[in-house]
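Trainee: Let me begin by handing over the structure; questions about it come next.
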Amino acid sequence: VQLQASGGGLVQAGGSLRLSCTASGSIFSINFMGWYRQAPGKQRESVAAIRNFGITNYADSVKGRFTISRDNAKNTVYLQMNSLKPEDTAVYYCNLIADSRAYWGQGTLVTVSS
């Protein structure tokens, strides 16, 4: 199973970006898809997650600004990021738990300028 993330870039504060992550390979059942981020000098943290039945969770720092969604037919998870702040600058990683195994994407850089 491979994850391909895209959508990062440079944006001004207050702007928006949409990240995508598509899983390919032999997948029987996906239980969890999520986004994490790691800023320079900081630990990787959970940003948002979506589980079976569409149950979502968000970090307090992004609630009301970020929206996670999933296209089951395409094995793709999205992260719509609005009202971006400089403190959202980080490398964003997608994470997938499928068939009792965890997989990570390669990371996509999001830079928010003030």
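The values are calculated or read from the model by the stated rules, or taken from the named source; none is laboratory data. Fair warning: this is a prediction, and the values are worked out from it, not measured in the lab. Virtual Cβ from ideal backbone geometry, glycine too; neighbours counted across all protein chains shown. Surface accessibility is based on the protein's heavy atoms, side chains included, excluding ligands, DNA and RNA. Shrake-Rupley method; radii C 1.70, N 1.55, O 1.52, S 1.80 Å.
Trainee: Please count how many residues of the stretch 1-31 are on the phi < 0 side of the Ramachandran plot and under 12 Å from the mean Cα position of the chain (by Cα).
Mentor: The qualifying residues number 11.
Trainee: Oh, and also: Can we say Y103 is among the hydroxyl-bearing types (S, T, Y), in contact (Cβ under 8 Å) with a residue 12 or more places away in the chain and either open to solvent by less than 70 Å² (accessible area, probe 1.4 Å) or over 18 Å from F32 (Cβ atoms) (or both)?
Mentor: In short, yes.
Trainee: Which pairs turn up if I take residues in the stretch 19-31 that are at pLDDT below 95 and look for partners that are acidic (D, E) with beta carbon separation below 8 Å, at least 6 apart in sequence or on another chain?
Mentor: I27/D99; F28/D99; S29/D99
Trainee: So if I check each of G41, G64, G34, which one is outside any loop (DSSP other than H, G, I, E, B) and either closer than 28 Å to S100 by Cα or open to solvent by 40 Å² or more (accessible area, probe 1.4 Å) (or both)?
Mentor: G34
Trainee: Further question: What residue, of Q106, Q80, is within 12 Å of the chain's Cα centre (by Cα), in a loop (DSSP other than H, G, I, E, B) and closer than 17 Å to L19 by Cβ?
Mentor: None of the other options fit; the residue is Q106.
Trainee: While we're on this one: Which of the residues spanning the stretch 67-77 are in a helix (DSSP H, G or I) and either touching a Ser or Thr at 6+ places or on another chain (Cβ under 9 Å) or modelled with pLDDT of 95 or more (or both)?
Mentor: K74 - this is the single residue of the stretch 67-77 that is in a helix (DSSP H, G or I) and either touching a Ser or Thr at 6+ places or on another chain (Cβ under 9 Å) or modelled with pLDDT of 95 or more (or both).
Trainee: Could you figure out which of (1) open to solvent by less than 60 Å² (accessible area, probe 1.4 Å); (2) over 13 Å from the mean Cα position of the chain (by Cα) isn't true of F53?
Mentor: (1)
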